[in-house]
Amino acid sequence: MTTEFQVKIGHGATEILTVSQLNKAVSRLFDENLAPGWVRGEISNFTAATSGHWYFTLKDEAASVRAVMFRGRALTTGFLPRPGDSVEVRARVTLYEARGEYQIQVEQMRRSGLGSLYEAFLALKSRLAAEGLFDSAGKREITRHPRAVGVITSLSAAALRDVLTAISRRAPHVPVIVYPAQVQGAEAPLQLRQALAIANERREVDTLLLVRGGGSIEDLWAFNDESLARDIAASVIPVVSGVGHETDFTIADFVADLRAPTPTAAAELVCATRKELLERVERAALTLVSLQQRRLERLAQRVDRAAAGVIAPGDRLAHQAERVRGLAFRLAGAMRSAVQSGQSRHAGLRARLAGQLPDVSAQHYRVERAATSISVTHAHALARLRQRIGQAESQLRALSPENTLARGYAIARLPDGRVVRDAGALGPGDALTVTLSRGEVDSTVVRTRVAQS
């Protein structure tokens, strides 16, 4: 909602704006009059939010401005800024209307003055990768038990102290040989290559550490030298790169046989700890003692068995004679047992056979009883059948037409043979044939009388 007020100033009138209207108008002025451009400054108060957005302040010697870089843009940057980094950003000026503070929204970020350097880095990286210098198949294995470890770095570098401290703490038994070289500046690439060549010529170490502390891309540029990269790839001795911090990457990192995030981490990767080795030796000693003890026990058993087998000839003969007598006794017992067992089996089989034979007398009695039962049953069935036939014959005679006619009844038929059952169906003059018990009579209807029901 907008509320407008008019106030008099002199002879004119002016519109009274709300704070929101004012900030919105200023924001529109920024959008319409300030095109996106590049700004150089130093990072401070950097915060990477959980949303992925970056919030920081960009400053120089005399001024500062708040900045925001949203997640989608931040993901394309390729590095994580740190306070103190000098960067160049492409941004547009906006107003954060809620607080009336102007800020810049960053669209791109690069390290200050490194546009051409970074492009050269990417071009060299792409070319060497195409040649196969970064392929894992060509990497050499790093031994965990080196005779000695070589370190290529500056004698005044903090990275050398970190490496020596880590190795003396972890593996004081491993000698360290330093091949000094500058790690920054125009002479650094050549000196690094010479140190690498000396180490390969002497062959006095099993692993080489190429290390340097963190810094800007300019500070680490010596490790992006193409000739140095090819020398690392051609090195007979495996090379571990520990240049800069975890977020720093150089060409040497990609071409080395192993990349460590820091110089200290590189020192920890190239040799097993003294404690670990002592524990392995102790385990091996315990295993050896155990194996030797078991071997001695087996040999002692063999000696005992051999001693038990050494006896006098007389004792051996007496033992054999005793054994023969025992075998003879066992044989006689076995024979008696076999005869008794055969007899028992024979008796059992005879009993089983007797039990399986049929009892003929019992079966004969059963047959006679069955024959008698069949005869009696047949006679009874025949008598019942004759009785039923007699009854049926009597009923048939009682119900036969001849028997009915014999009692004085007659059957009247029309000329066509139909039996007359109703007097009402006849009229005077109708011809009838009357069947009697003996013979038939032809007659003519004179009159009909129908009984009233």
For this session: Tell me the strands (runs of 3 or more DSSP E) entirely within the range 136-225 that contain at least 1 residues that are touching a residue at least 12 places away in the same chain (Cβ under 8 Å) and touching a Lys or Arg at 6+ places or on another chain (Cβ under 7 Å).
Result: 149-153
Exercise. Do you know which residues across the range 60-101 are assigned to a loop (DSSP other than H, G, I, E, B) and closer than 30 Å to residue 19 by Cβ?
Worked result: 62, 63, 70, 97, 98, 99, 100
Seminar exercise, completed: Checking 324, 289, 281 in turn, the sole residue that is under 30 Å from residue 170 (Cα atoms), of a type outside the set (Lys, Arg) and modelled with pLDDT of 80 or more turns out to be 289
Seminar exercise, completed: Flagged in the range 414-435 as basic (Lys, Arg) and closer than 20 Å to residue 451 by Cα, in numbering order, are 421
Exercise. Looking at 206, 219, which is the one that is more than 18 Å from residue 261 (Cβ to Cβ) and surrounded by fewer than 22 Cβ atoms within 10 Å (Cβ to Cβ)?
Worked result: 206
Problem set entry | Candidates 243, 303 - the one that is β-branched (Val, Ile, Thr) and more than 45 Å from the chain's Cα centre (by Cα) | 303
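The values are calculated or read from the model by the stated rules, or taken from the named source; none is laboratory data. The model shown is predicted, which means the values in this text are computed figures rather than measured ones. Because the Cβ atoms are built from the backbone with ideal geometry, glycine has one as well, and the counts that use them run over all protein chains shown.
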